[in-house]
1. Every residue in the range 11-28 that is more than 19 Å from the chain's Cα centre (by Cα), part of a loop (DSSP other than H, G, I, E, B) and within 11 Å of the ligand (Cβ to nearest atom), please.
2. With the requirement that a residue be touching a residue at least 12 places away in the same chain (Cβ under 8 Å) and either basic (K, R) or farther than 17 Å from A123 by Cα (or both), what does the range 147-177 give you?
3. Kindly provide the set of residues from the range 61-86 that are within 13 Å of the ligand (Cβ to nearest atom) and of a type in the set (A, V, I, L, M), ordered by number.
4. Looking at D45 and the list (1) surrounded by 12 or more Cβ atoms within 10 Å (Cβ to Cβ); (2) within 11 Å of the ligand (Cβ to nearest atom); (3) free of Cβ contacts under 8 Å to residues at least 40 places away in the same chain, which single condition is not satisfied?
5. Suppose we keep only residues that are in contact (Cβ under 8 Å) with a residue 12 or more places away in the chain and not in a helix (DSSP H, G or I) within the range 111-137. Which one would you say is farthest from Y153 (Cα to Cα)?
6. Restricting to the range 99-110, what's the tally of residues that are surrounded by 12 or more Cβ atoms within 10 Å (Cβ to Cβ) and either at pLDDT 95 or above or in a helix (DSSP H, G or I) (or both)?
7. Inspect all residues belonging to the range 64-71 and state whether any of them is loosely packed, with under 14 Cβ neighbours inside 10 Å and either in the same structural domain as A146 (by TED's automatic domain parsing) or not in a loop (DSSP other than H, G, I, E, B) (or both).
8. Suppose the filter is touching a residue at least 40 places away in the same chain (Cβ under 8 Å), part of a helix (DSSP H, G or I), among the polar types (S, T, N, Q) and closer than 25 Å to E77 by Cα; does S142 pass it?
Amino acid sequence: MRSLWLLHELDVPFELVEMPFDLCYTRSPNYLEVHPLGRVPCLVDEGFRLFESGAITQYLCERFPHKCLGRLRLDVERFEWLQWVHYSETIATHAAALVQQRLFIQPEERSSAVIKLESARLAKALALIDTQVRNQDHLLASGFSAADISVGYSIHLASRFADLDKLPGVRAYYERLKLRTAFKQSLPAGWDRPLAWLPEPVITA
Ligand SMILES: N[C@@H](CCC(=O)N[C@@H](CS)C(=O)NCC(=O)O)C(=O)O
């Protein structure tokens, strides 16, 4: 969704290839030629192939600089921009662990210790964003950039697990990002349908 949201913000022509979330498709020989692990996203641009959403973000912002969504070489905010683009994966890693525990792993195989640890680490990772956006609308003082897309998507994912009411800065920031047309365009159909979560685990201690 990060790459898709960015492409919509850039307003450049692209073709989106969707696959069912199913190993028959993601591990098919054809797709393994595109991404060796069979994961998404993957970008193919005039025969050039690139995976890892952070790298795709950097590539697209440099390839299409007209919307100033990147902070290019010599920009004073370049490294701060890179920090937030990649920090988004720190947030997403904890959320992804919770997706596994709640959606894919059967109750008898789940670990309440992992759930507790990952929930706490997710809350802490989001608290840093809360501080950053308390007094400014976006991560960078200069305004909206692709770093907000990267982190915004991670918050979108994390919002299934974290209590954003305890993080008013993050909550307000997420609400601002959700208003963007490109964010809405990148949402998958039926995204707000309740997921078939496995029941809440009982966490002791
Ligand atoms: N760090 C990578 C993560 C790639 C990744 O793990 N993507 C997930 C998205 S849900 C995926 O393809 N999962 C399917 C699988 O592992 O089979 C990125 O940001 O692109």
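The values are calculated or read from the model by the stated rules, or taken from the named source; none is laboratory data. This one's a predicted model, so the numbers in the text were calculated from it and none came from an experiment. Reconstructed Cβ throughout: ideal geometry from the backbone, glycine too, with neighbour counts over all protein chains shown.
1. Across the range 11-28, the qualifying residues are D22, R27.
2. A147, D148, I149, S150, R160, K166, R176, L177
3. To start, the set of residues in the range 61-86 that are within 13 Å of the ligand (Cβ to nearest atom) comprises 85-86.
Within the range 61-86, just V85 meets the criteria.
4. (2)
5. R134
6. Total satisfying the criteria: 5.
7. yes
8. Numbers: touching a residue at least 40 places away in the same chain (Cβ under 8 Å): yes; part of a helix (DSSP H, G or I): no; among the polar types (S, T, N, Q): yes; closer than 25 Å to E77 by Cα: yes.
Taking the combined requirement at face value, the residue does not satisfy it.
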